[in-house]
């Protein structure tokens, strides 16, 4: 039942933010408003901006297209809305993952977050770490 609640919560949160145009704040430091455009096409554009995310840098496994999509959606949700240190989990076919973003911080005028993505395949965990910053258009771009 928990998974169903999480699955229902994010679209509701996304719709609320899209309609209200609110910004997210954490620890007194504001996150730029980068509101995700409505419709799945906008979501795909924002997930595509992650350039494969951390999951694509993890050499531990080759993910199916569906599992890669689940992994990238988890990365986006962690960066966009998860409180610092709160895992965003996903489950695929024979693989699962957990994405944890740290508290947001400022680099110039951009809001950024460090984050990690742990993949679990056949009981073995591998973790990849990195950071991403939000662009003026609201998309998250990984730092090299």
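So, in the range 110-125, of the ones that are touching a strand residue (DSSP E or B) at 6+ places or on another chain (Cβ under 6 Å) and more than 17 Å from residue 88 (Cβ to Cβ), which residue ends up surrounded by the most Cβ atoms within 10 Å (Cβ to Cβ)? Even if it seems obvious, please write down each step before you answer.
Let us first name the residues in the range 110-125 that are touching a strand residue (DSSP E or B) at 6+ places or on another chain (Cβ under 6 Å), namely 110-121, 125.
Add one more test, that the residue is more than 17 Å from residue 88 (Cβ to Cβ), and what stays is 110-112, 121.
Numbers: 110: 14, 111: 23, 112: 20, 121: 17.
Filtering the range 110-125 for residues that are touching a strand residue (DSSP E or B) at 6+ places or on another chain (Cβ under 6 Å) and more than 17 Å from residue 88 (Cβ to Cβ), the one surrounded by the most Cβ atoms within 10 Å (Cβ to Cβ) comes out as 111.
Criterion first (at positive phi and more than 11 Å from the chain's Cα centre (by Cα)) does residue 84 satisfy it?
no
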Can you confirm whether the range 121-140 contains a residue that is more than 14 Å from residue 55 (Cα to Cα), touching a residue at least 60 places away in the same chain (Cβ under 8 Å), part of a loop (DSSP other than H, G, I, E, B) and touching a helix residue (DSSP H, G or I) at 6+ places or on another chain (Cβ under 6 Å)? yes
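Since every read-out is calculated from the coordinates, none of them should be taken as a lab result. Bear in mind that the values here come from a model prediction, so they are computed numbers and not experimental data. Using ideal geometry, Cβ is built from the backbone for each residue, glycine included, and neighbour counts are taken over all protein chains shown.
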